[in-house]
Amino acid sequence: MELGLTGKVALVAASSKGLGRACAEALAREGTKVVISGRRPEELARAAQEIRQVMSVHGADVHTVTGDVTHPEDVQRLVRAAVARFGHLDILVTNGGGPSPGKFADLSESDWQMGLDTTLWPVLRLVRAAIPYLVAAKERGGGRIINIVSTSVKQPIPGLFLSNALRPAVIGLAKSLSLELAPDGILVNNVCPGSFDTDRIQQLYTSRAAGTALTPEQVAAEAAKAIPLGRLGDPRELGHLVAFLASDKATYLTGQTISVDGGIVNGLFG
Ligand SMILES: NC(=O)c1ccc[n+]([C@@H]2O[C@H](COP(=O)([O-])OP(=O)(O)OC[C@H]3O[C@@H](n4cnc5c(N)ncnc54)[C@H](OP(=O)(O)O)[C@@H]3O)[C@@H](O)[C@H]2O)c1
């Protein structure tokens, strides 16, 4: 399927590794000019080099911007740098590092603040900074906002209290935005990863194993067994969906929250 992404410009936040990186790569493979970001310049440079190697389609390009999505001034700079480099912006993929694990009893006031700083504020600020450019994308087929969230918005994940409690605010934000931005031709959707094989999930398994008789590998094996498809996801499997949502084949789809989870959310509307 030709996705019509050639020459489009995408900003993928927090994308030197893991899910963000996979989304950037999927878009670049389809000919999109992609801006990737992260806090560590050396990781970013490596990711850009690897993405360049898979960009076979004419029109694709990759540009790196170092910054922290929890810092408001970095978010502004990131969006401005994307437009300065490629002239316009069509697609915004919001992403970040994710909140710390913990049960309610473990969490201090500053943990809650940090939870908001890592879940809600980056999305809100990225969207606010990008809207003027995404409005202008109407003449090129319409802007897209795609938020990488978590299945915690549909089914609480034990031990991830901050994610369970705070990420649903992103869904409320996105649904309201989808209504307000529809007249401007901007489509807003959320993707909810289940368990994907990234550094972040390995860190969570290590933290879950701490204080138990299990190794992180055993925790990972148990987690995989609980997934109906019997394995963790490959980040590229999320990237494919994000590229589709960003494409001109997804033109009547907005305000939706889609799980990519190997079937682990057990609900009729999971
Ligand atoms: N993996 C999963 O199964 C899964 C499931 C549900 C939800 N999620 C969520 O999806 C998001 C991405 O997870 P992942 O598994 O892809 O993580 P990852 O493999 O650890 O990658 C995180 C990426 O984000 C960047 N990053 C982290 N904090 C940042 C910040 N404050 N500002 C800018 N860039 C930042 C990292 O680069 P630097 O460290 O250099 O900044 C890296 O490029 C997280 O919010 C996570 O909670 C993941």
**OP:** Could you work out which residue, out of V188, V62, V219, moves most in a Gaussian network model of the chain, that is, has the largest mean-square fluctuation with Cα springs under 10 Å?
**Re:** V219
Original post:
Could you give the nm distance between label points at R40 and R200, where each point is 7 Å from its Cα heading toward the beta carbon?
Top reply: 1.6 nm
Subject >> Cα-based Lys pair tally, the chain, threshold under 16 Å, eight or more apart or on separate chains >> reply: 5
Original post:
Given the rule -39500 (n - 2.57) for each run of at least 4 DSSP H residues, summed and divided by the residues of the chain, what is its mean residue ellipticity at 222 nm, to the nearest 500 deg cm²/dmol?
Top reply: -14500 deg cm²/dmol
Subject >> In Å², nearest 10: area of L107 left accessible to a 1.4 Å probe >> reply: 30 Å²
Original post:
Where is the GNM fluctuation largest for the chain (alpha-carbon springs, 10 angstrom cutoff): V127, V79, V57?
Top reply: V57
**OP:** Could you check how much of the accessible area of region 149-270 is carbon and sulfur, as a whole percent, using a 1.4 Å probe?
**Re:** 59 percent
Original post:
Which distance in Å, rounded to a whole number, links the C-alpha centroids of region 19-68 and region 116-136?
Top reply: 20 Å
Subject >> Å² per residue, accessible surface of region 117-270 at 1.4 Å >> reply: 48 Å²
**OP:** Quote the accessible area belonging to K225 in square angstrom, nearest 10, computed with a 1.4 Å probe and with ligands, DNA and RNA left uncounted.
**Re:** 150 Å²
Original post:
To the nearest 0.05, how large is the calculated FRET efficiency for A224 and I258 if R₀ is 25 Å and r is the Cβ-Cβ distance?
Top reply: 0.70
**OP:** Mind ranking H63, H240 by accessible surface for me, highest first, 1.4 Å probe?
**Re:** H240, H63
**OP:** Would you mind checking which residues have amide H under 5 Å from S259's amide H? H placed 1.01 Å from N; only 5 or more apart, or other chain.
**Re:** C192
Original post:
Can you list, bin by bin at 5 Å, the percent of alpha carbon pairs in the chain, starting at 0?
Top reply: 1, 6, 13, 18, 20, 18, 12, 7, 3, 1, 0, 0
Original post:
What size of dipole, in debye to the nearest 20, comes out for the chain about its Cα centre when the only charges are +1 on Lys and Arg C-beta atoms and -1 on Asp and Glu C-beta atoms?
Top reply: 300 debye
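The values are calculated or read from the model by the stated rules, or taken from the named source; none is laboratory data. Keep in mind that what you see is a predicted model, and the values were worked out from it rather than measured. Quick reminder, even Gly has a Cβ in these numbers, built from the backbone with ideal geometry, and neighbours come from all protein chains shown. Accessible surface areas use protein heavy atoms only, side chains included; no ligands, DNA or RNA. Shrake-Rupley method; radii C 1.70, N 1.55, O 1.52, S 1.80 Å.
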